[in-house]
Amino acid sequence: MDICRRKFGACILAGVASRAIALPPRPKLLVLLVLENLRPDYLDTVWANVGTGGLRRVVEGGAFFPDCRHLASSFSSSTLATLATGAWPAQHGIVADTWYDRASRRPVRASDEALLATTLTAQVMSASGTRAFVISLNAPEGSIVSGNSGARLFWMDDEGRFTGRGQLPPWVPDYNRQRPLDKLHNAAWVALGASPNAPALRTLTFDRTRPQEFLSLYRASPFAQAAQFEFLRELLVRERLGQTDTLDFVCLVSSSSALLGYETGARSP
């Protein structure tokens with residue numbers, strides 16, 4: 001069948017348009033969850049108790065690579081920088097959590113200032129109208145994920161309250177006041193599915209003369225991890241993420257399991 005170039009182009013455009021109409025709308029919200037020191041075999045031991053939504057939905061309905069091996073570095077800062085930039089430590093510059101700097105002749109801690117590569121967050125922020133947020137347990141790790149992007153960064157301060165870079169949104173102080181940390185003083189961390197009389201795996205002991213010990217126990221517990229997810233939920237609602245015509249991006253870096261692993265070892269019950 002003979003067909004002129006003009007008719008051929010019209011047919012091609014019509015086909016492309018019909019497919020574009022059939023495509024689902026582009027997502028307006030991208031949520032990235034980074035769970036440090038969560039080995040795949042941890043999931044195997046508790047999988048029977050995992051609900052139908054949440055993590056099970058991500059594993060069964062998304063792309064799941066149970067034997068994916070990250071061989072860049074075992075340091076938290078290096079790993080986060082590799083995930084954030086897509087580059088190896090030799091390229092992005094974060095070779096450890098701390099290292100000796102020859103120029104200043106002193107040890108320095110990994111931070112966004114040492115990053116030599118751009119981050120996913122920075123790439124998202126480069127588009128007009130997009131917003132990006134990062135939630136972490138401490139400022140240095142959150143800043144590595146954020147990079148030099150201008151993203152809104154939140155972290156947990158030395159008193160267990162959420163703070164951030166720059167002027168805080170007015171809802172954050174109210175959020176902290178409604179969730180005083182003293183409610184968890186001497187709280188018992190009980191194993192999932194344990195009997196009512198079972199001993200606690202750990203007690204978040206509070207001593208007024210040594211408050212930092214309680215905070216260390218709290219940050220390395222599921223209570224702190226739950227607090228981060230609750231803050232993420234509040235952030236989604238308060239900032240109306242995903243409800244504009246442009247893309248919103250939020251990354252949560254949960255380090256509680258890593259802190260616990262550093263203290264007790266990866267095979268501790």
| remark: Sorted by chain and number, the residues with a modelled amide H under 5 Å from that of L30, at a separation of 5 or more or across chains, are D248, F249, V250
| query | Exactly which trypsin sites (Lys or Arg not before Pro) in the stretch 127-231 are in a DSSP loop and have at most 13 other Cβ atoms within 10 Å? | reply | R208
| task | Would you mind computing Rg(Cα) / (2.2 N^0.38 Å) for the stretch 81-198, counting N as its residues? | result | 1.37
| query | Once amide H atoms are placed 1.01 Å from N in the peptide plane, what residues at a sequence separation of 5 or more from L116, or on another chain, have their amide H within under 5 Å of its amide H? | reply | G93, I94
| field | Net charge contributed by nearby residues that have their C-beta within less than 13 Å of S268 (K/R +1, D/E -1) | value | +2
| request: Could you tell me which trypsin sites (Lys or Arg not before Pro) in the stretch 226-269 are loop residues by DSSP with no more than 11 other beta carbons within 10 angstrom of their beta carbon? | output: R240, R267
| field | GNM top mover of Q243, Q225, Q178 - the chain, alpha-carbon springs below 10 Å | value | Q178
| field | Part-to-part distance (alpha-carbon centres) for the stretch 212-243 and the stretch 46-103, which is given in Å | value | 20 Å
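Since every read-out is calculated from the coordinates, none of them should be taken as a lab result. Please read all numbers here as calculations on a predicted model, not as lab measurements. Virtual Cβ from ideal backbone geometry, glycine too; neighbours counted across all protein chains shown.
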